Amino acid sequence: MTRIGQLFQRLKAENRCGMIAYLTAGDPTPDATPGLVAALERGGADLIELGVPFSDPIADGPVIQLAGERALKAGTTLARVLEIAREIRKTSEVPLLLFTYLNPALRYGFERLAHDAKAAGIDGCLLTDASVEEAGEYVSQMRAAGLDTVFLAAPTSTEARLKLVAQYSSGFVYMVSRTGITGEQQNISDSAMPLVERMRAHTDLPLAMGFGISKPEHVAAFVGKVEAVVVGSAIVRQIERDPSGVEQFMRELTQPLGKTSGGAIS
Amino acid sequence: MIATQPDAGGHFGPYGGRYVPEVLMSPLEELQHTYEEARLDPAFHAELDQLLHTYAGRPTPLYYAKRLSETLGGAKLYIKREDLLHTGAHKINNCIGQALLARRMGKKRIIAETGAGQHGVATATVCALFGLDCTVYMGEEDMRRQRLNVFRMRLLGAKVEPVTNGSRTLKDAISEAMRDWVTNVSNTHYLLGSALGAHPYPAMVRDFHRVIGVEARQQILEVEGKLPDAVIACVGGGSNAIGIFHPFIEDDGVRLIGVEAGGRGPGLGQHAARFEGGSPGVLQGTRSYLLQDEDGQISLTHSVSAGLDYASVGPEHALLHDLCRAEYGSCNDTDAIAAAVTLSRTEGIIPALESAHAVAEAIRIAPAHPGQTFIVNLSGRGDKDIDIYRENLPELDAK
């Protein structure tokens, strides 16, 4: 079992909803990322999604697009993100999920990526534009290396597709709260809760809800409904605005989860 | 024999497929389903054919370019006059087809991307015709290069949204259109303009343009009594090329020649010759040849012609390339402009810059093939490019 699986076991034992924090690795620089991850962890993040920047991020809104541009300009590559993971692992056992698009992974090579990611202390991977239909080779290489493969479920997904998403996912299933790209929004979409109910019918895996979650009241709305919530763009925006405020920002967002400070248990 | 249809997942050999965020998977399944149903519906074809005939102006002529052929002193060159279609390019074929599908799906809002503006104009045109709301995404750089088409779209009632990220060209316009589609998928159809993107687009767009090749094949048989020795077309995303190539694929003796944008030269970032400088990868929903760096980041491209200025190419072309059924070469900016001048002065036809790349290849190889006949697909007319021709031909622009 990966650190991701262990985390969700622990959350269950503690009867607690987890906080998944996304940041674009390499934004503003690769050297800054380990420190930002440590701040997120101190602020209460239970799992870190390390975004690997891609030149053409079709699923991302302007905040993460711009972060990706900054990271690429600062020389961030997939190989460099694995180095960052190794750096994080020197001091932390927080679960790490690589979050990117298919082409950088394809170019790196799935087998090589699975091996190198595992060696760097990565626990799993999510490729936004890898549909389950096209993911066979990728999933088998990742699983063979002992890594989790997380897939997206969307409000538009049919029952047949949710079943496939459940089959191909391990660790957890990432629920997309609304039809849209990444980014903050005022209110939680009405499509989020029905999706949770539909997904439960197909899997016992933990469910994490993301897209548009940016305020403590959004987080509070999902407590007791899903196993974890994901915050992305709001964190990226905080990093852009004031990196020194990241820990406090994370702490405010995790407040409704009943956890004021933390870090995973080693 | 070469399979002329993709498999159930939209794969052309190792290429094609459906690589999009999960939100778009069901809408693509719906589109595929609607298209498959329409394909078998005689009423759909009757309406499409009627519009192509009475509105778009099909069939287009196959014209024997006698003076150009004699000047070159080699192969006989025939020109397939897609430039004579309503809106000035082949793009309207696909736009009418997809607008009919949007109506079948009950979608009242259309979005599209455009590079040179030809697809944007054709989309704005069919939206006016069908009373649909229309938004066209266009890179800021392309809006500058193709000002006339921007105005045409607005005159037709479309909103033109400038895209300011990345290279501010076609690739970025496609990304922005995909983001819009992800967000507004319940009421919106994405009218993709080339034989690109996720399944079913590459096969569907090709099918709507196959009429070019079907007509050309029949026309050349009528006038020459035999098939051509070569069919030549420019390849950006590759819609005009696959449209004219496809009905000839099983005709073994017919060379299929695609011409990519050679731009300013062979350096990465200077051209859009995917088969010369690229390698397989996944971009914007499909697997095909890509111009990319060693980390899998997509490269910037350059072509004087906005419609060929794209980092990837339709997946069926990738398969035809690997099978050596089609040959792909490139033509640089300078030769394309020179070919446009030659065609203008020998035949009185000013080609679109995109199509000028195909003309240039015909001019290059014709002298070595006396006794042969070539068909060149003239995918669009040059009116939209007058500003660029003026910039590049200052000697004609006397003060």
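The values are calculated or read from the model by the stated rules, or taken from the named source; none is laboratory data. Values in this document were obtained by computation on a predicted structure and should not be read as measured data. Note that we place each Cβ from the backbone using ideal geometry, even for glycine, and neighbour counts take in every protein chain shown. These area figures cover heavy atoms from the full protein model, side chains too; ligands, DNA and RNA do not enter into them. Shrake-Rupley method; radii C 1.70, N 1.55, O 1.52, S 1.80 Å.
A single entry from B:LEU24, B:LEU72 fulfils the requirement of being surrounded by 21 or more Cβ atoms within 10 Å (Cβ to Cβ), away from every other protein chain (no Cβ under 14 Å) and either at positive phi or more than 21 Å from the chain's Cα centre (by Cα) (or both): B:LEU72.
Restrict the check to region B:187-195 and report whether at least one residue is surrounded by fewer than 20 Cβ atoms within 10 Å (Cβ to Cβ) and either in a loop (DSSP other than H, G, I, E, B) or of a type in the set (Gly, Ala, Ser) (or both). For region B:187-195, residues surrounded by fewer than 20 Cβ atoms within 10 Å (Cβ to Cβ) and either in a loop (DSSP other than H, G, I, E, B) or of a type in the set (Gly, Ala, Ser) (or both): present. One residue is enough: does region B:271-294 have a residue meeting the conditions open to solvent by less than 10 Å² (accessible area, probe 1.4 Å), under 28 Å from B:ASP385 (Cα atoms), at pLDDT 95 or above and of a type in the set (D, E, K, R)? Yes, that holds for at least one residue.
Contact map, region B:382-399: residues that are touching a residue at least 12 places away in the same chain (Cβ under 8 Å) paired with residues that are open to solvent by 50 Å² or more (accessible area, probe 1.4 Å) and outside any helix (DSSP H, G or I), Cβ distance under 9 Å, separation 6+ or inter-chain. Pairs shown: B:GLY382/B:ILE350; B:ASP383/B:ILE350; B:ASP385/B:ILE350; B:ILE386/B:ILE350; B:TYR389/B:ILE350.
Listed here are the residues, each with its yes/no results for (1) in contact with a helix residue (DSSP H, G or I) (Cβ under 7 Å, 6 or more places away or on another chain); (2) within 21 Å of A:THR100 (Cβ to Cβ); (3) not in a loop (DSSP other than H, G, I, E, B).
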position	(1), (2), (3)
A:THR179	yes, no, no
A:GLN185	no, no, no
A:THR203	yes, no, no
A:VAL219	yes, no, yes
A:ILE239	yes, yes, yes
A:ARG251	no, no, yes
A:GLN255	yes, no, yes
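Cβ-Cβ distances below 6 Å connect no pair with a first residue in region A:194-217 that is farther than 21 Å from A:LYS12 by Cβ and modelled with pLDDT under 95, a second residue that is open to solvent by 60 Å² or more (accessible area, probe 1.4 Å) and hydroxyl-bearing (Ser, Thr, Tyr), and a separation of six or more residues or different chains.
Whenever a residue of region B:151-177 is over 22 Å from B:ASP383 (Cβ atoms) and part of a helix (DSSP H, G or I), its partners that are open to solvent by 20 Å² or more (accessible area, probe 1.4 Å) and modelled with pLDDT under 95, lying with C-beta atoms within less than 6 angstrom and at least six residues away or across chains, give the pairs B:ASP172/B:ASN165; B:ASP172/B:GLY166.
Quickly run through region B:260-303 and pick out the residues that are within 19 Å of B:ASP322 (Cα to Cα), touching a Pro at 6+ places or on another chain (Cβ under 8 Å) and among the charged types (D, E, K, R). Selection gives B:GLU276, B:ARG287. For region B:252-260, the count of residues that are touching a helix residue (DSSP H, G or I) at 6+ places or on another chain (Cβ under 8 Å), touching a residue at least 24 places away in the same chain (Cβ under 8 Å) and within 14 Å of another protein chain (Cβ to nearest Cβ) is zero. Please verify whether B:VAL304 is closer than 22 Å to B:ILE174 by Cα, touching a residue at least 40 places away in the same chain (Cβ under 8 Å) and open to solvent by less than 30 Å² (accessible area, probe 1.4 Å), treating the condition exactly as stated. Criteria met by B:VAL304.
Tell me yes or no: at least one residue of region A:88-103 is closer than 22 Å to A:ARG42 by Cα, at pLDDT 95 or above, more than 14 Å from every other protein chain (Cβ to nearest Cβ) and in a helix (DSSP H, G or I). Yes; the residues of region A:88-103 include at least one that is closer than 22 Å to A:ARG42 by Cα, at pLDDT 95 or above, more than 14 Å from every other protein chain (Cβ to nearest Cβ) and in a helix (DSSP H, G or I).
Considering each residue of region B:77-94 in turn, at least one proves to be of a type in the set (Phe, Trp, Tyr) and more than 14 Å from every other protein chain (Cβ to nearest Cβ).
Filter the helices (runs of 4 or more DSSP H) completely within region B:16-86 down to those with at least 2 residues that are out of contact with any Pro (no Cβ under 9 Å at 6 or more places or on another chain) and under 30 Å from B:ALA366 (Cα atoms). Spell out how you get there, then give the answer.
Numbers: elements: B:25-39, B:42-51, B:66-72.
Correct list: B:66-72.
Entry remark, region B:209-223: residues being within 22 Å of B:ARG103 (Cβ to Cβ) and open to solvent by 10 Å² or more (accessible area, probe 1.4 Å) number 2 in total. Quick check, is B:GLU141 part of a helix (DSSP H, G or I) and within 12 Å of chain A (Cβ to nearest Cβ)? No; evaluated as a whole, the condition is false for this residue.
Close contacts from region A:95-111, counting a first residue that is open to solvent by 10 Å² or more (accessible area, probe 1.4 Å) and a second that is in a helix (DSSP H, G or I), with Cβ to Cβ under 7 Å and a gap of 6+ residues or different chains, come to A:TYR108/A:LEU78; A:PHE110/A:GLU137; A:PHE110/A:TYR138; A:PHE110/A:GLN141; A:GLU111/A:GLN141.
The strands (runs of 3 or more DSSP E) falling completely within region B:277-334 that include 1 or more residues that are aromatic (Phe, Trp, Tyr) map to B:285-290, B:326-332.
Taking into account only those residues within region A:1-36 that are under 17 Å from A:VAL219 (Cα atoms) and touching a residue at least 24 places away in the same chain (Cβ under 8 Å), which is surrounded by the fewest Cβ atoms within 10 Å (Cβ to Cβ)?
Our first condition is that a residue be under 17 Å from A:VAL219 (Cα atoms); within region A:1-36, this holds for A:11, A:15-22.
Then drop every residue that is not touching a residue at least 24 places away in the same chain (Cβ under 8 Å), which leaves A:11, A:16-22.
Numbers: A:LEU11: 19, A:ARG16: 16, A:CYS17: 24, A:GLY18: 26, A:MET19: 26, A:ILE20: 26, A:ALA21: 28, A:TYR22: 24.
Per the stated criteria, the residue is A:ARG16.
When region A:70-86 is filtered for residues that are within 8 Å of chain B (Cβ to nearest Cβ) and either acidic (Asp, Glu) or open to solvent by 40 Å² or more (accessible area, probe 1.4 Å) (or both), the ones remaining, listed by number, are A:LEU72, A:ALA79. Each residue in region A:123-157 was checked for being within 11 Å of chain B (Cβ to nearest Cβ) and β-branched (Val, Ile, Thr), and 3 of them qualify. Counting only residues that are free of Cβ contacts under 8 Å to residues at least 40 places away in the same chain, within 18 Å of B:ILE79 (Cβ to Cβ) and open to solvent by 30 Å² or more (accessible area, probe 1.4 Å), region B:316-364 holds 6 of them. Condition test on A:ALA160, is it away from every other protein chain (no Cβ under 14 Å), surrounded by fewer than 20 Cβ atoms within 10 Å (Cβ to Cβ) and part of a helix (DSSP H, G or I)? Against the criterion (away from every other protein chain (no Cβ under 14 Å), surrounded by fewer than 20 Cβ atoms within 10 Å (Cβ to Cβ) and part of a helix (DSSP H, G or I)), A:ALA160 does not qualify.
In region B:298-317 there is at least one residue matching the filter, namely being at pLDDT 95 or above and within 8 Å of another protein chain (Cβ to nearest Cβ).
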